[in-house]
Amino acid sequence: MKKTIFLFIFLFCLTNCAPKKDIAQNANFKYVDGNKKIEFEILTGNNYLKVNVPTLTKFKFQNIEPKNVTLAGRTIRALSFENNEIIVEMSPEKKDLENGNLVIRLTYKINKEFKKFVLNVPVKE
């Protein structure tokens, strides 16, 4: 009985307390919401990553505090936070790809509201 109540409360919180999804995906790796802007750049100059190759990338924020940002994705590692930028190393493995892409989920908080940005980064072998 306790497990059922716990499961119900968990599912209720999951569906009602989850951040609002403002999903943006495009080829130029930019997300704009009013005066808020997120830009993603692969520092090799390519528009794709390579399987099992560590690659430096950069997230640049405009009117978004990096301390209010959460990045989630497989095989990513934040290296530095400076001047509204986050430098991230990505080393995608083939088993972690979804339809040939490395999926990065970025959530940020503005005025007690959560926004979510999903970035699909192409990966080649």
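Rule-based calculations on the coordinates, nothing more; no lab input. Here the structure is a predicted model, which means the values were calculated and not measured. Neighbour counts run over all protein chains shown; Cβ positions are idealised from the backbone, glycine included.
My understanding is that a pair violates if its Cα-Cα distance is over 19 Å; which of Lys60/Lys95; Lys36/Lys124; Lys36/Lys116 do that in this structure? Long pairs (Cα-Cα over 19 Å): Lys60/Lys95; Lys36/Lys124. Using the average count of surrounding beta-carbon atoms within 10 Å as a protection proxy, the listed peptides 51-60, 79-88 rank, highest first, as 51-60, 79-88. Ignoring aspartates and glutamates fewer than eight residues from Lys58 along the same chain, the ones with Cα atoms less than 16 angstrom from its Cα are Glu39, Glu41, Glu82, Glu85, Glu89.
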